[in-house]
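> One structure, pasted below without further comment.
The values are calculated or read from the model by the stated rules, or taken from the named source; none is laboratory data. Quick caveat, the model's predicted, so the values are computed rather than measured. Reconstructed Cβ throughout: ideal geometry from the backbone, glycine too, with neighbour counts over all protein chains shown. Accessible surface is based on the protein model in full, side chains and every heavy atom, while ligands, DNA and RNA are left aside. Shrake-Rupley method; radii C 1.70, N 1.55, O 1.52, S 1.80 Å.
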Amino acid sequence: MRAVVTIPVRDEEALIASCLRALLRQRDRNGSPPTSFTFGIVLLFNNCTDRSADVARACLAGSGVPFMICEEQLSPERANAGSARRLAMDIAALWMERAGEPDGLLLTTDADSRVPDDWVARNLGALKAGTSAVAGRIHWDRRPAAAMPASLLNRIALEEAYEARLAELAARIDPLAHDPWPNHRTASGASYAVTLDAYRAIGGLPDIPCGEDRALARALERRDLRIRHAPDITVLTSTRLQGRALGGAADTLNARSEDPDLAGDPALEPVATVARRYSWRRRLRDLHGARKLGSAGHWLGGLRLAPKAREWAAEPHFGSFWAKVEEASPLLRQRGLRPSELPAQIAAADFLLSPDQTASRQSSR
């Protein structure tokens, strides 16, 4: 096996079969079925009360794909999506090590998601560029979305349009060779892949109840491990309003249905903050690489940091240093926007991304 796909499951009797059938349809980049076992599957059933495990066994039996089905009764404080995903990935890591695959890839998706036929192949291919992790994009399943309020559907479209602009703006201000434009800003457990080496280097999946996917991305970044945000790797995810994970996508959609102008994802911040964030990140990365952070003190005042922050310059990894800066600087504090604010912010992003503005910024460097 070159890869193991991990899936945390909690009472997904209605959707787990479609999730697994999508995985069993995997093909290589030429559209041919794998000639050998390219991947295996680990399912972690977390305190299920339905027939999810039975459905999964029936679906996988005779498929020719190696799999493990783990049924766990986790304690109340551990019975959450984060703990279940971590346990599934830990089991998969051990499986690969014992199978003699030290260069293997750990992938994860969700039981209410469906991956395309070349999902495993594309993730494996993305690693050839020298990355340690691959983040895929989420497409919402529009079939159950018909029952969603129009205001929520409009909001999703507006946020997706704004997110794409912010990703392009970041790529222009602080381009990364390992994550070139086009890319995206998503870090979701519905489509994430990490090498076994990188997973061990960060001590495994961060042990938190929810938001473990973003925490994984932050842990990789703090170690300067390269993440490719691949726009061509996608997964179709449910838009149901009755979810399984506390604090998950369904809870978010419900909250936004109840309050259509509720502030959104803090990462979708104002354009001015994004421009400031990535301009500083580029400058400080250059100084860190040249080992000049300790002698150059302008960044302390520029970011309103206390003099003691100069000690962070000794951090061996730029990502760890930058994480401290982002957390401490009041100028980099994230603030989610309300949908009513997004049109003006989209217009501001379009202005900065216009050819005239791009040429002006390049000539000033």
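> Can you confirm whether the stretch 146-157 contains a residue that is under 22 Å from Ala92 (Cα atoms), touching a helix residue (DSSP H, G or I) at 6+ places or on another chain (Cβ under 6 Å) and in a helix (DSSP H, G or I)?
There is no residue in the stretch 146-157 that is under 22 Å from Ala92 (Cα atoms), touching a helix residue (DSSP H, G or I) at 6+ places or on another chain (Cβ under 6 Å) and in a helix (DSSP H, G or I).
> Is one or more of the residues making up the stretch 183-196 exposed (fewer than 15 other Cβ atoms within 10 Å of the Cβ) and either in contact with a strand residue (DSSP E or B) (Cβ under 6 Å, 6 or more places away or on another chain) or over 21 Å from Ser113 (Cβ atoms) (or both)?
Keep residues of the stretch 183-196 that are exposed (fewer than 15 other Cβ atoms within 10 Å of the Cβ), which gives none.
No, because not a single residue in the stretch 183-196 is exposed (fewer than 15 other Cβ atoms within 10 Å of the Cβ) and either in contact with a strand residue (DSSP E or B) (Cβ under 6 Å, 6 or more places away or on another chain) or over 21 Å from Ser113 (Cβ atoms) (or both).
> When both residues are 6+ apart or on different chains and their Cβ atoms are under 7 Å apart, which pairs have a first residue that lies in the stretch 279-301 and is within 21 Å of Leu352 (Cβ to Cβ), and a second that is open to solvent by 40 Å² or more (accessible area, probe 1.4 Å) and β-branched (Val, Ile, Thr)?
none
> Looking at the stretch 1-14, which of its residues are over 21 Å from Ala92 (Cβ atoms) and in contact (Cβ under 8 Å) with a residue 12 or more places away in the chain?
So the first thing to find is which residues in the stretch 1-14 are over 21 Å from Ala92 (Cβ atoms), and the list is 11, 13-14.
Matches in the stretch 1-14: Asp11, Glu13.
> Then there is this: Among (1) open to solvent by less than 40 Å² (accessible area, probe 1.4 Å); (2) within 18 Å of Gly319 (Cα to Cα); (3) assigned to a loop (DSSP other than H, G, I, E, B), where does Pro175 come up short?
Every listed condition holds for Pro175 apart from (1).
> Cβ-Cβ below 6 Å, separation at least six or inter-chain, first residue in the stretch 109-137 and open to solvent by less than 10 Å² (accessible area, probe 1.4 Å), second aromatic (Phe, Trp, Tyr) and at pLDDT 95 or above: which pairs?
Filtered contacts from the stretch 109-137: Ala135/Tyr192.
> Please go through the stretch 18-50 and pick out each residue that is open to solvent by 20 Å² or more (accessible area, probe 1.4 Å), in contact (Cβ under 8 Å) with a residue 24 or more places away in the chain and touching a helix residue (DSSP H, G or I) at 6+ places or on another chain (Cβ under 9 Å).
Hits for the stretch 18-50 are Arg21, Leu24, Arg27, Asp28, Arg29, Thr38, Asn47.
> Looking only at the stretch 64-109, how many residues end up being in a loop (DSSP other than H, G, I, E, B) and either touching a Gly at 6+ places or on another chain (Cβ under 6 Å) or among the aromatic types (Phe, Trp, Tyr) (or both)? Let's see the steps before the verdict.
Filtering the stretch 64-109 for residues in a loop (DSSP other than H, G, I, E, B) gives 64-66, 73-80, 99-104, 109.
With the extra rule that they be either touching a Gly at 6+ places or on another chain (Cβ under 6 Å) or among the aromatic types (Phe, Trp, Tyr) (or both), the set shrinks to 66.
The number of residues fulfilling the criteria is 1.
> Can I ask one more? Pick from Trp140, Trp95: which is open to solvent by 20 Å² or more (accessible area, probe 1.4 Å), under 23 Å from Ala22 (Cβ atoms), aromatic (Phe, Trp, Tyr) and modelled with pLDDT of 95 or more? Show your work before the answer.
Values: Trp140 fails: modelled with pLDDT of 95 or more.
Testing whether each residue is open to solvent by 20 Å² or more (accessible area, probe 1.4 Å), under 23 Å from Ala22 (Cβ atoms), aromatic (Phe, Trp, Tyr) and modelled with pLDDT of 95 or more leaves just Trp95.
> Moving on to the next point. Condition (residue is part of a strand (DSSP E or B), within 26 Å of the chain's Cα centre (by Cα), closer than 20 Å to Leu236 by Cα and of a type in the set (A, V, I, L, M)) applied to the stretch 43-50: is it met by at least one residue?
So in the stretch 43-50, the residues part of a strand (DSSP E or B) come out as 43-46.
Of the ones still in play, those that are also within 26 Å of the chain's Cα centre (by Cα) are 43-46.
Next, from what is left, pick out any that are closer than 20 Å to Leu236 by Cα: 43.
Those left that are additionally of a type in the set (A, V, I, L, M): 43.
Checked the stretch 43-50: at least one residue is part of a strand (DSSP E or B), within 26 Å of the chain's Cα centre (by Cα), closer than 20 Å to Leu236 by Cα and of a type in the set (A, V, I, L, M).
> Tell me, which helices (runs of 4 or more DSSP H) wholly within the stretch 249-320 include 1 or more residues that are within 24 Å of Asp350 (Cβ to Cβ) and open to solvent by 30 Å² or more (accessible area, probe 1.4 Å)? Steps first, please.
Working: elements: 249-258, 271-289, 298-302.
Ranges flagged: 271-289.
> Further, regarding this structure: Anything in the stretch 54-67 that is free of Cβ contacts under 8 Å to residues at least 40 places away in the same chain and crowded, with 16+ Cβ neighbours inside 10 Å? List them, or say none.
Correct list: Phe67 only.
> Ok, one more. Given the conditions (1) surrounded by fewer than 16 Cβ atoms within 10 Å (Cβ to Cβ); (2) in contact with a Cys (Cβ under 9 Å, 6 or more places away or on another chain); (3) of a type in the set (Ser, Thr, Tyr), report the number of the one that Ser151 does not fulfil.
Just one mismatch for Ser151, condition (2).
> For the stretch 200-215, give me each residue that is assigned to a loop (DSSP other than H, G, I, E, B), open to solvent by 40 Å² or more (accessible area, probe 1.4 Å) and under 18 Å from Gly319 (Cβ atoms). Talk me through it step by step, then tell me what you get.
Narrowing the stretch 200-215 to residues assigned to a loop (DSSP other than H, G, I, E, B): 202-211.
Cutting the leftovers down to open to solvent by 40 Å² or more (accessible area, probe 1.4 Å) gives us 203, 207-210.
Hit for the stretch 200-215 is Gly203, nothing else.
> From (1) more than 16 Å from Ala3 (Cα to Cα); (2) free of Cβ contacts under 8 Å to residues at least 24 places away in the same chain, pick out the condition that doesn't hold for Gly100.
(1)
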